[in-house]
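Input: a single structure, listed below in structure tokens.
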Amino acid sequence: MHTLHNYIYVFSILCYNRKVNNVDLKQIKAVAFDIDGTLYRAWKFNLRVTPYFLSHSIFFLKYGLVRSIMHKTEATNEFIRVQASHMAKKLNCSPEEAQQRLEKVIYKGLEKYFVNIKPCKGSIEFITKLKENGYKIGLLSDFPPEQKGSIWGIREMCDVVLGSEEAGALKPDSTPFLRLAQEFKLPPEQILYVGNNHAYDIQGAHNIGMKTAWLILPHSGWIGKKSKIADITFWHYGQLSELFFGDNK
């Protein structure tokens, strides 16, 4: 089993080397990460949350419609109010009640499902090594980072922790990415943003000049899937570590 694991790892590195565009990592001073689906696999969380989702299925469907609207809404200092207003129309209630229900079902209701969920293999080790080698570390998520607690100890290593809602707009709007660069005190081209959602994470970061690393599912990598705009396409954090530090195990 150990030999098979080593073979798969070496194979993934060989495939990965074909999925790196022209990017000079010597220019990178900070690495920032999306959380949901990037630091843990989304399918694992979805399995865990399925009973809860089914018990609030209508609410989640309406919430999904509202988030689609908010992804296309320009930045505003009143993000919470605007989102609640849209949700109120879907629920046929007051904005105040809509916000209370959002808080109960989404922001507080989902917290317990993040407990004990495992991070992507190699992600914590990679981030720790980045920190040890002097890189700035950040988190930028469309959902409040505090919803995930300590985030497997990553939070305490971070120079910047930011929620897109706090910035006033969801990804791919440029506002949260520009805010991230501002808090890093770095130009966008010196920041690598790591995410799993191509339309929101990769496109949004790319639009303001950040370097990007797109996390895909392993089977997608094996069949040759690659982004035209992401600087790096990967499916295992060992691949990023190999690129940055020349790790071979």
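The values are calculated or read from the model by the stated rules, or taken from the named source; none is laboratory data. Quantities reported herein were computed from a predicted structural model and do not represent experimental measurements. Reconstructed Cβ throughout: ideal geometry from the backbone, glycine too, with neighbour counts over all protein chains shown. Protein only, heavy atoms only, side chains kept; ligands, DNA and RNA dropped before computing areas. Shrake-Rupley method; radii C 1.70, N 1.55, O 1.52, S 1.80 Å.
Miscellaneous remarks
- Test: residue in the stretch 68-78 that is in contact with a helix residue (DSSP H, G or I) (Cβ under 7 Å, 6 or more places away or on another chain), open to solvent by less than 80 Å² (accessible area, probe 1.4 Å) and of a type in the set (Gly, Ala, Ser): yes
- All positions within the stretch 152-188 that are in a helix (DSSP H, G or I), under 24 Å from residue 118 (Cβ atoms) and within 16 Å of the chain's Cα centre (by Cα): 155
- Selection within the stretch 114-124 - surrounded by 17 or more Cβ atoms within 10 Å (Cβ to Cβ) and within 24 Å of residue 63 (Cβ to Cβ): 114
- Scanning the stretch 189-219 for residues that are assigned to a loop (DSSP other than H, G, I, E, B) and closer than 10 Å to residue 34 by Cβ yields 196, 197.
- Residues satisfying the stated conditions in the stretch 14-35, i.e. modelled with pLDDT under 90 and surrounded by fewer than 16 Cβ atoms within 10 Å (Cβ to Cβ): 14, 17, 18, 21, 22, 24
- Residue in the stretch 23-35 that is under 20 Å from residue 200 (Cβ atoms) and part of a helix (DSSP H, G or I) present: no
- For residue 109, the criteria (1) within 13 Å of the chain's Cα centre (by Cα); (2) more than 22 Å from residue 201 (Cα to Cα) hold in every case but one, which is (1).
- Boolean, residue 97 is under 23 Å from the mean Cα position of the chain (by Cα), at pLDDT 95 or above, surrounded by fewer than 17 Cβ atoms within 10 Å (Cβ to Cβ) and part of a helix (DSSP H, G or I): no
- Residue check, residue 104 assigned to a helix (DSSP H, G or I), open to solvent by 60 Å² or more (accessible area, probe 1.4 Å) and either more than 21 Å from residue 61 (Cα to Cα) or basic (Lys, Arg) (or both): yes
- Applying the set (1) hydroxyl-bearing (Ser, Thr, Tyr); (2) farther than 23 Å from residue 197 by Cα; (3) modelled with pLDDT of 95 or more to residue 38 leaves exactly one unmet item: (2).
- Flag for residue 153 being at pLDDT below 95, open to solvent by less than 60 Å² (accessible area, probe 1.4 Å), of a type outside the set (Val, Ile, Thr) and out of contact with any Gly (no Cβ under 9 Å at 6 or more places or on another chain): yes
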